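Working notes, beginning with the structure itself.
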Amino acid sequence: MTNQIELPFCNKTMDRVAMRRLISKLIVCFGIASTANILDQVKILGFQQATKASISLGIDDLLAVPSRGWLVQDAEK
């Protein structure tokens, strides 16, 4: 007999705090290895849905880290 764990269905946008809580619950319920597998599948699903929706990220969409300016200046020399 397998133990089934009930996690409530959540159909809402999740911020960083909500994701941390979900990941903590998954680790407690399923362990680290299974949680890593679940999160990999969620990541793949996200990329698939973004592709179907024709969403793409450009370099201007990503945040730049201001403290890394010296790295860019050094590379340009």
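The values are calculated or read from the model by the stated rules, or taken from the named source; none is laboratory data. All values reported here derive from a predicted model rather than from experimental measurement. A quick note on method: Cβ atoms are made from the backbone with ideal geometry, for glycine too, and the neighbour counts reach across all protein chains shown.
Within region 1-56, restricting attention to residues that are among the aromatic types (Phe, Trp, Tyr) and in a helix (DSSP H, G or I), the residue that is surrounded by the fewest Cβ atoms within 10 Å (Cβ to Cβ) is PHE47. Look at LEU71 and say whether it is farther than 26 Å from CYS10 by Cβ, surrounded by 10 or more Cβ atoms within 10 Å (Cβ to Cβ) and either modelled with pLDDT under 80 or basic (Lys, Arg) (or both). Yes: the conditions hold for LEU71. Scanning region 13-61 for residues that are in contact with a helix residue (DSSP H, G or I) (Cβ under 6 Å, 6 or more places away or on another chain) and hydroxyl-bearing (Ser, Thr, Tyr) turns up just one, THR35.
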